[in-house]
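The values are calculated or read from the model by the stated rules, or taken from the named source; none is laboratory data. Keep in mind it's a predicted model, so treat the numbers as computed, not measured. To get the accessible areas, we keep the full protein, side chains included, count just its heavy atoms, and leave off ligands, DNA and RNA. Shrake-Rupley method; radii C 1.70, N 1.55, O 1.52, S 1.80 Å.
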Amino acid sequence: MRLALDEAGLAFSEGEVPVGAVLVVNDSVLTKAHNARERLNDPAAHAEVIVLREGARLVKSWRLSNATLYVTKEPCVMCAGTMINARLGRLVYGCKDAKGGGVDSLYEILNDKRLNHRAEVKSGVLEKECALTLKRFFEERR
């Protein structure tokens, strides 16, 4: 999660919403990224989507069932849906997103029994640090 926080810091310095993500396979970092919507003018350029795409490319498979994704903020509906489609094995995230969370706060997409895949979820890892980064970013924007 510390590496994901480093990525969030990079996003912050670039004027992006400070969310960072790290994809781990077999206890090794496969890839890491941060939000890039502003830089790429891409509404789907969330940190999670970027690392899942790159991770799939690197392992030469869209199935990431043996991967763990670390992300600083609870993923949105789009990102959670991408995790389902990637057959992600495990998600670890920092702080909740009461306004847009697709994992625990508003929806529980990764554990919805109606879908064809579920992922293990652990929340609250370095929660205060993750939340503070977002809080600082939005305070500076106001």
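Of note:
- Remark: the chain carries 54 Å² of accessible area per residue (probe radius 1.4 Å; ligands, DNA and RNA excluded).
- Correct choice for percent of Cα pairs over 25 Å apart that was computed from the model, options (i) 24; (ii) 32; (iii) 18: (iii)
- Area accessible to solvent at Ser61, 1.4 Å probe radius, in Å²: 40
- Additional length obtainable on full extension of the chain from Lys60 to Ala131, 0.36 nm per residue less Cα span: 22.2 nm
- Count, lysine Cα pairs under 16 Å in the chain, 8 or more residues apart or across chains: 10
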